[in-house]
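Reviewing the structure listed below.
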Amino acid sequence: MEIRTRLAQNVRRLREARGWSQEDYADRAGIHRTYVSDIERARRNPTITVVEKLAQPLEVTASELIA
C-alpha cells in the first residue's frame with residue numbers, strides 16, 4: 001500500500017475515533033480544513049513537518065501515522 005494511502009486511512013480513522021470533524025481536527029493541528037480533506041483522500045504529499053502537526057493532536061507519533 002502506498003504511504004499516502006496509509007497516512008490517509010490512519011488520519012481518518014483516528015480523527016473519527018475522537019468524534020472530530022475535519023474542521024475541528026484542522027484547528028487542533030493548525031492547518032487548513034481543505035488540506036486535511038486532501039490528506040484523507042491521499043491527494044497531498046505532506047512534508048514530515050506537516051505529518052508531525054497531524055500527529056500531535058491525535059497523541060500519536062508521526063511514524064505511527066504512516067505505519
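Quick notes on this structure:
- Residue match in region 44-53 (condition: among the hydroxyl-bearing types (Ser, Thr, Tyr) and surrounded by fewer than 17 Cβ atoms within 10 Å (Cβ to Cβ)): yes
- Residues in region 1-49 that are farther than 17 Å from ALA67 by Cβ, part of a helix (DSSP H, G or I) and not charged (D, E, K, R): GLN22, TYR25, ALA26, ALA29, THR34, TYR35, VAL36, SER37, THR49.
- Restricting ARG28, ARG4, ARG41 to those that are in contact with a Pro (Cβ under 9 Å, 6 or more places away or on another chain), open to solvent by 80 Å² or more (accessible area, probe 1.4 Å) and not small (Gly, Ala, Ser) reduces the list to ARG28.
- Among the residues making up region 7-25, a single one is open to solvent by 80 Å² or more (accessible area, probe 1.4 Å) and closer than 12 Å to PRO57 by Cα: ARG18.
The values are calculated or read from the model by the stated rules, or taken from the named source; none is laboratory data. Every value quoted in this text rests on a predicted model; they were computed, and no experiment measured them. Using ideal geometry, Cβ is built from the backbone for each residue, glycine included, and neighbour counts are taken over all protein chains shown. All accessible areas refer to the heavy atoms of the entire protein, side chains included, with ligands and DNA or RNA removed. Shrake-Rupley method; radii C 1.70, N 1.55, O 1.52, S 1.80 Å.
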